[in-house]
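A short write-up of the structure that comes next.
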Amino acid sequence: MKIPPVKGMRDFYPPEMSVRNYIMGHWKAVSQRNGFLEYDGPILEYLQLYTLKSGQEIVEQLFSLTDRGGRELAIRPEMTPTLARMVCQRINSLPRPIKWFSVPRLCRAERPQKGRLREFFQWNIDIIGVEDVVADAEIIFCTLDFLQAVGLTAKDIVVRISSRKLLSEALIEIGVPAERLDPVFAILDKRSRLPQEAFEQILSDQIPDQSIRSQVQTLMAISTLDEVALLARSEGACKAIAELRRLFEILHRMGVGQFCRFDIGIVRGLAYYTGIVFEVFDADDQLRAIAGGGRYDNLLAMFDGPNLPATGMGMGDCVLEILLRDKGLIDLQRIQQGLEYYVAYTEPGLMDHAIGLAAWLRRAGRSAGFCYRPVALGKQLKQASDQGCRYCIIIDRQVEAGQVILKDMSTGDQRSVTLDELLRQPG
Ligand code: HAM
């Protein structure tokens, strides 16, 4: 009986693993150069960690279980609640600001579709303890630093930015009751993914008044910050607008302004966001969000922690990989980790010399392989090429004693070298 992988989950054969390692390598390197420290948590958490404040949508997507002790657990669907829990646990001993990153494997039981699976990897960067919008700018800058590092430009991607503070103030001014804000946010977050009629329908469940509803629709059709500024009356709304303007100013100063745009339609699906929110999309708007994040100033207090401001971002590997492939930015040849040396020989009697030389190279810290069967040189060269080896060393009795042939597999050039010269080759 053939057993396939579980729906929405992936096998990583060596080529797919190379791509995953390539993405993760850049996630880690960019985090480090932006000053983030790595952390991790467990794959299982108490179910309650998510039912408390992640929002209905993600709770419906949990893979949950009851363990033998009767404890209700869930596989982590996101990292932010784990981060909040870990920070609260050591709050008095952690130097601030806390600037951490992680690359967890997450599971969400959503309907698998292009760019959305049931198991994925998600890069998280978060800054805890900084109230100023400069921290939000740092998060967006670091996100863009990575996207540029893998070759994407402002022609390929756009960061759409808004503010939940601004949206709540504007909705309250229109007449949406404060206690309805959370469910209304959840509906507005789905607006671009729903047909207009279905959207109208679920919005009317929360806002029965037609005139309030049409004002909400007018608000959501606004496209610039200046237009919102004309409507804003409350002090809170004006403050939120000033904060957004400052954010755009810093992003310009950081040299990434050309990627960033105000978009009142960015609300975010998770319930804990309190201020600046953003999502990254492909510029052609063909794919689901590449990344999303924002400010969540109340989450730590919800876990009985202190009232510490926080902001961060999560980016999955799935949409990103689709986009990188579409743009021709994944060069498998270059990123696959092939051997440096393949040790071949011209006649079967030299096989033991090849074994000895490959082992000698490995002991000297270089990567090396050889053919396990004494086959013709042509077959060995083909195997070296299939394995993506950079150089082939050929042991040949015709060559002067103490020397071997070194063949560059990409150019085909070959020359005689001594063993010492082999080790002097750049690794
Ligand atoms: P999120 O918007 O739920 O936010 O997810 C962030 C990103 O994770 C998405 O934009 C997408 O790239 C990826 N993602 C989400 N679900 C899936 C899926 N089923 N398959 C593949 N990729 C997926 C959060 O998770 C927040 N905790 C991020 C955050 C960190 N906010 C502050 N700090």
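The values are calculated or read from the model by the stated rules, or taken from the named source; none is laboratory data. Since this is a predicted model, take the numbers as computed values, not measurements. As a convention, Cβ positions derive from the backbone with ideal geometry for all residues, glycine included, and neighbour counts pool all protein chains shown. To get the accessible areas, we keep the full protein, side chains included, count just its heavy atoms, and leave off ligands, DNA and RNA. Shrake-Rupley method; radii C 1.70, N 1.55, O 1.52, S 1.80 Å.
Structure notes:
- Estimated dipole of the chain in Debye, rounded to 20 [Cβ of Lys and Arg +1, of Asp and Glu -1, Cα centre]: 1000 debye
- Between 0 and 90°, nearest 10: helix 235-253 axis offset from the chain longest Cα axis: 20 degrees
- Using a Förster distance of 35 Å, the FRET efficiency for residue 245-residue 10 (Cβ separation, nearest 0.05): 0.25
- Using the Cβ-Cβ distance between residue 283 and residue 252 with R0 = 22 Å, the FRET efficiency computed as 1/(1 + (r/R0)^6) comes to roughly 0.70.
- The apolar share of the surface of the chain, taken as the fraction of accessible area on carbon and sulfur atoms (1.4 Å probe, ligands and nucleic acids excluded), comes to 50 percent.
- A straight Cα-to-Cα reach below 14 Å connects residue 379 with the aspartates and glutamates 347, residues fewer than 8 places away in its own chain not being considered.
- Gyration tensor verdict on the chain (Cα atoms; rounded if a/c is under 1.5, prolate if a/b is larger than b/c, oblate otherwise): prolate
- Applying the Karplus relation 6.51 cos²θ - 1.76 cosθ + 1.60 with θ = phi - 60° to the stretch 86-101 yields 3J(HN,Hα) values of 5, 5, 4, 4, 10, 3, 7, 9, 8, x, 10, x, 7, 10, 10, 9 Hz, where x marks Gly and Pro.
- Shown in residue order for the stretch 281-286 are the 3J(HN,Hα) couplings computed by the Karplus curve 6.51 cos²θ - 1.76 cosθ + 1.60 at θ = phi - 60°: 10, 6, 4, 7, 6, 9 Hz (x for Gly and Pro).
- If only the Cβ of Lys and Arg carry +1 and only the Cβ of Asp and Glu carry -1, the dipole of the stretch 338-423 around its Cα centre is close to 280 debye.
- Hz values of 3J(HN,Hα) by residue in the stretch 391-398 - Karplus curve (6.51, -1.76, 1.60), Gly and Pro given as x: 10, 10, 9, 10, 8, 9, 4, 6
- Candidates 69, 292, 275: whichever shows maximal mean-square fluctuation once the chain is modelled as a Gaussian network with Cα springs under 10 Å: 69
- Residue 63 long-range amide H proximity, modeled H, under 5 Å: 75, 109
- 15 Å beta-carbon shell around residue 130, net charge (K/R +1, D/E -1): -3
- Non-local lysine pairs in the stretch 14-332, meaning eight or more places apart or on different chains, with alpha-carbon distances under 18 Å, amount to 6.
- Taking 0.36 nm per residue of separation and subtracting the Cα-Cα distance, full extension of the segment from residue 413 to residue 234 would add 57.1 nm.
- Rolling a 1.4 Å probe over the protein heavy atoms leaves residue 13 with an accessible area of roughly 140 Å².
- For residue 122, the residues whose modelled amide H falls within less than 5 Å of its own, excluding neighbours fewer than 5 places apart on the same chain, are 106.
- Full extension of the chain segment joining residue 400 with residue 17 gains 133.7 nm, where the gain is 0.36 nm per residue of separation less the Cα-Cα distance.
- Loop-located trypsin sites (Lys or Arg not before Pro) across the stretch 213-314 with a Cβ neighbour count of 12 or fewer within 10 Å are 233, with loop assigned by DSSP.
- Crossing angle, helix 181-190 versus the chain [Cα axis fit, 0-90 degrees, rounded to tens]: 50 degrees
- Net charge of Cβ neighbours under 11 Å - reference residue 164; Lys, Arg +1; Asp, Glu -1: -1
- Largest mean-square fluctuation among 71, 108, 20, in a Gaussian network model of the chain whose springs join Cα atoms under 10 Å apart, belongs to 71.
- In this structure the amide hydrogen of residue 260, modeled in the peptide plane, comes within under 5 Å of the amide hydrogens of 159, none closer than 5 places in sequence on its chain.
- Surface calculation, 1.4 Å probe, protein heavy atoms: residue 126 sits at approximately 10 Å² accessible.
- With contributions of -39500 (n - 2.57) from each DSSP H run of at least four residues, the per-residue ellipticity at 222 nm computed over the chain stands at -11500 deg cm²/dmol.
- Inter-part distance where the stretch 166-221 and the stretch 395-427 are each reduced to a Cα centre, Å: 71 Å
- GNM remark for the chain: springs join alpha carbons under 10 Å apart, and the peak mean-square fluctuation among 112, 81, 309 falls on 112.
- Selection among 163, 125, 381 by position relative to the dipole of the chain gives 381 as farthest towards the positive end (Cβ unit charges, Cα centre).
- Crossing angle, helix 134-149 versus the chain [Cα axis fit, 0-90 degrees, rounded to tens]: 40 degrees
- Modelled label positions at residue 326 and residue 352, each set 7 Å beyond Cα in the direction of Cβ, lie 5.9 nm from each other.
- Applying 1/(1 + (r/R0)^6) with R0 = 41 Å to the Cβ-Cβ distance of residue 51 and residue 224 gives a FRET efficiency near 0.60.
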